[in-house]
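Scroll down for the structure; my scribbles are underneath it.
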Amino acid sequence: MDAAQQEATARARELQRNWYGEPLGALFRKLIDDLGLNQARLAGVLGLSAPMLSQLMSGQRAKIGNPAVVQRVQLLQELAAQVANGSVSAAEATERMDEIKRSQGGSVLSNTTQTTSGSGAPTVKRVVREIQSLLRSVAAAGDIIDAADTLAPTHPELAEFLKVYGAGRTSDAVAHYQSHQN
């Protein structure tokens, strides 16, 4: 790989970090490990071709162009967390992955059984991810920050919201939300 390709890959991974909270290679490897998948199975569940998944993982492509695929990634992340905490068995996880694969994505803000806590209410992390997905589907993180800077003098609360939820990491946005609930 020459210097120009290395630079392009590094830039794509940085964009992925801004858009998705981490490079997609790391995110997808976690899903593969946590859910016991291989790359071909993950690609199938997400609705991507194996070469597209490979390009996203390697940084040859930066962005997931289909919002339904982004939503499936989020659903798989939630499922992986449920498998890790023991609330979902391996057999149930396989069934849910099949449901996720068949899902058409629908509204980014849809509320499905996989997106709720035990009480039936959406989890804070899920809502934050849905907001991030919605914002990032219309603008890149840098553009969101530029818009926030423009709005800051007249609408500081909105500017802060855009920076935290539109361009920040999911964990930081969740912490921000929780700190404002007290």
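The values are calculated or read from the model by the stated rules, or taken from the named source; none is laboratory data. Remember, predicted model here, so these are calculated numbers, not experimental data. Glycine gets a Cβ as well: all are built from the backbone with ideal geometry, and neighbour counts include every protein chain shown. What goes into the accessible areas is simple: the full protein's heavy atoms, side chains included, and nothing from ligands, DNA or RNA. Shrake-Rupley method; radii C 1.70, N 1.55, O 1.52, S 1.80 Å.
Quick check on region 44-65. Is at least one of its residues closer than 24 Å to Thr123 by Cβ, assigned to a helix (DSSP H, G or I) and of a type outside the set (A, V, I, L, M)?
No, the conditions are met nowhere in region 44-65.
From the list Ser133, Ser89, which residue is polar (S, T, N, Q), modelled with pLDDT of 75 or more and in contact with a helix residue (DSSP H, G or I) (Cβ under 9 Å, 6 or more places away or on another chain)?
Ser89
Would you say Val138 is open to solvent by 40 Å² or more (accessible area, probe 1.4 Å) and either among the aliphatic types (A, V, I, L, M) or touching a residue at least 60 places away in the same chain (Cβ under 8 Å) (or both)?
Against the criterion (open to solvent by 40 Å² or more (accessible area, probe 1.4 Å) and either among the aliphatic types (A, V, I, L, M) or touching a residue at least 60 places away in the same chain (Cβ under 8 Å) (or both)), Val138 qualifies.
Say we look at region 160-182 and pick out the residues that are without any contact (Cβ under 8 Å) to a residue 40 or more places away in the chain and assigned to a loop (DSSP other than H, G, I, E, B); which of these is surrounded by the fewest Cβ atoms within 10 Å (Cβ to Cβ)?
Asn182
When the residues of region 6-31 are narrowed to those that are under 19 Å from Asp146 (Cα atoms) and in a helix (DSSP H, G or I), which ends up most open to solvent (accessible area, probe 1.4 Å)?
Out of the qualifying residues, it is Arg11.
Can you name the residue in region 141-158 that is without any contact (Cβ under 8 Å) to a residue 12 or more places away in the chain and not in a loop (DSSP other than H, G, I, E, B) and, of all such residues, is nearest to Val73 (Cα to Cα)?
Applying the filter and picking the extreme gives Asp143.
Take the residues in region 42-56 that are open to solvent by 50 Å² or more (accessible area, probe 1.4 Å) and touching a residue at least 12 places away in the same chain (Cβ under 8 Å), then tell me which one is farthest from Leu75 (Cα to Cα).
Per the stated criteria, the residue is Ser54.
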